[in-house]
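*Asks:* This is the structure I want to talk about, given as structure tokens.
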Amino acid sequence: MTKPKLSSEEREILKDFEKGDFKSRLSTKRISELKAAADETFKKDRRINIRISSRDLEGLQRRALEEGVPYQTLVSSILHKYVSGSLQDIAANKSRKKDAPGRASS
């Protein structure tokens with residue numbers, strides 16, 4: 001994986017962090033809870049196979065290359081964001097608004 005490009009401000013923050021100038025305010029219990037949640041979030045224990053068009057696969061691979069991640073990781077991230085609600089289908093939302101009660105359909 002390639003190193004991310006950092007601004008001068010980000011490089012300064014990273015340098016200070018690595019020197020130990022930043023200390024966590026979280027309790028040991030809270031850190032344990034967050035680690036457990038992270039482990040569950042990123043645990044990949046299932047495998048799927050899907051058929052997609054060559055064009056879509058090439059697009060995913062191109063975007064993954066731009067992001068500096070493997071394309072399978074990008075696909076997994078997109079799916080996770082969608083099911084957790086942080087990635088929304090704009091077309092579906094427009095359709096729902098159009099069909100909402102009190103609105104005239106065309």
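Every number in this text was worked out from the coordinates using simple rules, so none of it is lab data. Note that the structure is predicted; figures quoted are calculated from it, not measured. Positions of Cβ are backbone-derived with ideal geometry, glycine not excepted, and every protein chain shown enters the neighbour counts.
*Asks:* Filter the cross-link list K5/K29; K15/K35; K3/K35 down to pairs whose alpha-carbon distance in this structure exceeds 28 Å.
*Replies:* Long pairs (Cα-Cα over 28 Å): K5/K29.
*Asks:* Could you tell me which of rounded, prolate or oblate describes the chain, using a ≥ b ≥ c as the square roots of the eigenvalues of the alpha-carbon gyration tensor, with rounded for a/c under 1.5 and, failing that, prolate when a/b is larger than b/c and oblate otherwise?
*Replies:* Prolate, because a/c is 1.5 or more and a/b exceeds b/c.
*Asks:* Just to be sure I understand: with springs between alpha-carbon atoms less than 10 Å apart, which residue in A92, A38, A64 has the highest mean-square fluctuation in the Gaussian network model of the chain?
*Replies:* A92
*Asks:* Using a Förster distance of 35 Å, how high is the FRET efficiency between N49 and K94, based on the Cβ-Cβ distance and rounded to 0.05?
*Replies:* Values: r = 31 Å, r/R0 = 0.89.
The computed FRET efficiency comes out at 0.65.
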